[in-house]
Amino acid sequence: MLTSAVAINQFQLAGFQKIAADIPDAALYQPAAGHQHSPVWVMGHLALTGEMGHQFFGGSIKHPEWMPLFAPGSSGEVSPDTGLTKQALIGAVTEAYTQLQKYALESATPELLSQPHGIDLFDGTPIKTIGDAITLLLTNHFGFHLAQLSSCRREAGFAPLF
């Protein structure tokens, strides 16, 4: 049922690996000129929201301590005092979405996907079901924030990848 969404996320995750690898460590905590999010926030937010998706399948959030920093609606301000590294964040994003892809392919029953998602942020929107929310996480949401991370990479002076 979610095979197309998983395929898109696999493609985006490969792009993420290339984009994130080029982000200079010195720029990790610097807000981007346009969207004002730092690479550390973008990567932390992606990792956390991927983990949040695990909950629909009975999984848990691996980094609950990241909620104040990276949850939807967070300020976007992340201090270098957190000690987060680029490699740790790349690993967390990769792990979160690889697991979410696995859940989507192996555990997503029609009954589960048709249930209401219960996410207040989406009240009054066309995103109604767990299936809608998982599809959004794997595609649009990931792609939106990947574009932000790409702009951080370009701002650091790198040429386009594609």
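Counting only pairs 8 or more residues apart or on different chains, how many lysine pairs in the chain have their Cα atoms under 23 Å apart? So the count of such lysine pairs works out to 5. Charged side chains reduced to their Cβ positions (Lys and Arg at +1, Asp and Glu at -1) give the chain a dipole of some 380 debye around its Cα centre.
Shape analysis of the stretch 77-162 yields a ratio of the Cα radius of gyration to the Kirkwood radius, Rg/Rh, of 1.06. Rolling a 1.4 Å probe over the protein chains gives F142 an accessible area of about 0 Å². Between the residues M52, A7, L89, the greatest Cα displacement towards the positive end of the dipole of the chain, with unit charges on the Cβ of Lys, Arg, Asp and Glu, is found for A7.
Ranked by the mean number of other Cβ atoms within 10 Å of their residues, highest first, the peptides 85-98, 106-119 come out as 85-98, 106-119. Comparing F16, T109, W41 along the charge dipole axis of the chain, the residue lying farthest to the positive side is F16, per the Cβ-charge model.
For T129, nonlocal amide neighbours, meaning residues 5 or more places apart or on other chains whose placed amide H falls under 5 Å from its own, are H117. For the chain, the Kirkwood hydrodynamic radius from C-alpha pairs, put into Stokes-Einstein at 37 °C and a viscosity of 0.692 mPa s, yields a diffusion coefficient of 204 µm² per second. Compute the acute angle (0 to 90°) between the alpha-carbon long axis of helix 39-54 and the principal axis of greatest extent of the alpha-carbon atoms of the chain; round to the nearest 10°. Here the helix axis deviates by roughly 10 degrees.
The values are calculated or read from the model by the stated rules, or taken from the named source; none is laboratory data. All values derive from a computational prediction rather than experimental measurement. Cβ: placed from backbone, ideal geometry, glycine included. Neighbour counts: every protein chain shown. Accessible surface areas use protein heavy atoms only, side chains included; no ligands, DNA or RNA. Shrake-Rupley method; radii C 1.70, N 1.55, O 1.52, S 1.80 Å.
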